Ligand SMILES: *[C@@H]1O[C@H](CO)[C@@H](O)[C@H](O)[C@H]1NC(C)=O
C-alpha cells in the first residue's frame, strides 16, 4: 500500500516536473528579444567604457604647464657670446606639470598635438644689449630686444603655437647680447597647453 502511494506521488511529481519543463519552452521564445536587448546594452556599455577611458586618458595628457626662472640661486648674466646664439637653460623650476620642460636642456617638448601658449621675460644690466628669441624646432618665432640701452632693460613677448607631438620650443640669447637674473627671476620662461587639437 505504501509502495503504491509512493509510486503515485512520484508520478505526480514527475508530471508536474514535465509540465514545468513544458512551460519554459514557450517562455524561451518570449525571452529571445529580451536577450538581444541585454546583448545590445552590454555592447553599448562596452563602447561607453572605451569612450570614458579615452576621455580620462586625454584629460590626463592635457595637464601640461611649466614656469622657470633662469638662475636657481644667486645672480649673474649669461652672455654676451660673440660666436652664436645660445640656448638658455632655465633652472629655477616653479612648476612642471606633465614634465614637458627639461631643466637640464632648457627645451620644452610637446607631448600632445595642440595649441600652446609661451611667454618669456628678459632683463639685462647696462651696458649690455638685451636680445633673446623663442624657437620652435630651431626656427625663430618671436623675440625681445633692447639695444645699446643706457639703463637696465626689461622686455617680454608671448606667442600661441600649434605643435605636433615631439615639437620642441626653447629660448636663445642673441649673439652679442646678455640676459641677467637674480633671486627676483627677472628672466623667466613659461608655457602651457591651451587645448589639444
Ligand atoms: C627693469 O626692471 C628692473 C627690475 O624691476 C628695474 O630696476 C629697472 O628700472 C627696469 N628698467 C626699466 C628701463 O624700466
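Values in this text are rule-based calculations from the coordinates and carry no lab data. Treat the numbers as computed from the prediction; the structure is a model and nothing was measured. Heads up, the Cβs are rebuilt from the backbone with ideal geometry, glycines too, and the neighbour counts pull from every protein chain shown.
Numbers for the structure displayed
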quantity: Interatomic Cα distance distribution for the stretch 56-170, bins of 5 angstrom, percent; calculated: 2, 10, 19, 23, 20, 12, 7, 4, 2, 1, 0
quantity: Efficiency of FRET between residue 149 and residue 54 - r from beta-carbon atoms, R0 41 angstrom, step 0.05; calculated: 0.20
quantity: Cβ-based exposure ranking for 144, 93, in which fewest neighbours within 10 Å come first; calculated: 93, 144
quantity: Ranked packing of 74-83, 129-138, most packed first, by mean Cβ within 10 Å; calculated: 129-138, 74-83
quantity: Inter-site label distance for residue 107 and residue 42 at 7 Å from Cα along Cβ, in nm; calculated: 5.0
quantity: Taking the stretch 73-175 and dividing mean pair separation by its residue count, relative contact order in percent (alpha carbons under 8 Å, at least six apart); calculated: 36
quantity: Reference-scaled alpha-carbon Rg (2.2 N^0.38 Å with N residues) for the stretch 112-169; calculated: 1.34
quantity: Set of the stretch 130-145 residues, backbone N closer than 18 Å to the point 7 Å along the Cα-Cβ line of residue 175; calculated: 130-135, 138-141, 143-145
